[in-house]
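Written below as structure tokens is the structure these notes are about.
The values are calculated or read from the model by the stated rules, or taken from the named source; none is laboratory data. A quick note: this is a predicted structure, and the numbers were derived from the prediction, not measured. Cβ placement follows ideal geometry from the backbone for every residue including glycine, while neighbour counts extend to all protein chains displayed.
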């Protein structure tokens, strides 16, 4: 039930993001979702892509440092309090939410990518709420 996420380390300079995205485009790798965080010296680009292993390889060939790791992708309803309810149950289970970002997947409800301190336990907690948990195949 985990989804593979590609994390790419970028120098914080003009054109570097576009270089990475062009490599993915030129290798026919679809970007499903992304998040970019930056500091004055570098950026961290988190991506869910159609082929994370190929993406890592072609980015390496283009002199980008990256890694592939596991996250959870879920869909919650568009209802007041639904995000609070899901995240509250994760917190109550003593699981730390390390980061999250939204996904552009589907039209039913909101989709989120979550990285927690305990992915397996998080899935158990979220399943109790009848929240859809994406598989890699659904996103790729």
Reported set for the range 115-137 where residues are out of contact with any helix residue (DSSP H, G or I) (no Cβ under 7 Å at 6 or more places or on another chain) and surrounded by 14 or more Cβ atoms within 10 Å (Cβ to Cβ) is 115, 118, 119, 121, 123, 132, 134, 136
Can you tell me which residue among 100, 1 is within 22 Å of residue 124 (Cβ to Cβ), touching a strand residue (DSSP E or B) at 6+ places or on another chain (Cβ under 6 Å), surrounded by 13 or more Cβ atoms within 10 Å (Cβ to Cβ) and at pLDDT 90 or above?
100
Pick from the range 12-21, criterion exposed (fewer than 13 other Cβ atoms within 10 Å of the Cβ) and either touching a residue at least 40 places away in the same chain (Cβ under 8 Å) or not in a helix (DSSP H, G or I) (or both), ranking: nearest to the chain's Cα centre (by Cα):
12
Name the residue that is farthest from residue 62 (Cα to Cα), counting only residues in the range 22-35 that are in contact with a helix residue (DSSP H, G or I) (Cβ under 7 Å, 6 or more places away or on another chain) and assigned to a strand (DSSP E or B).
32
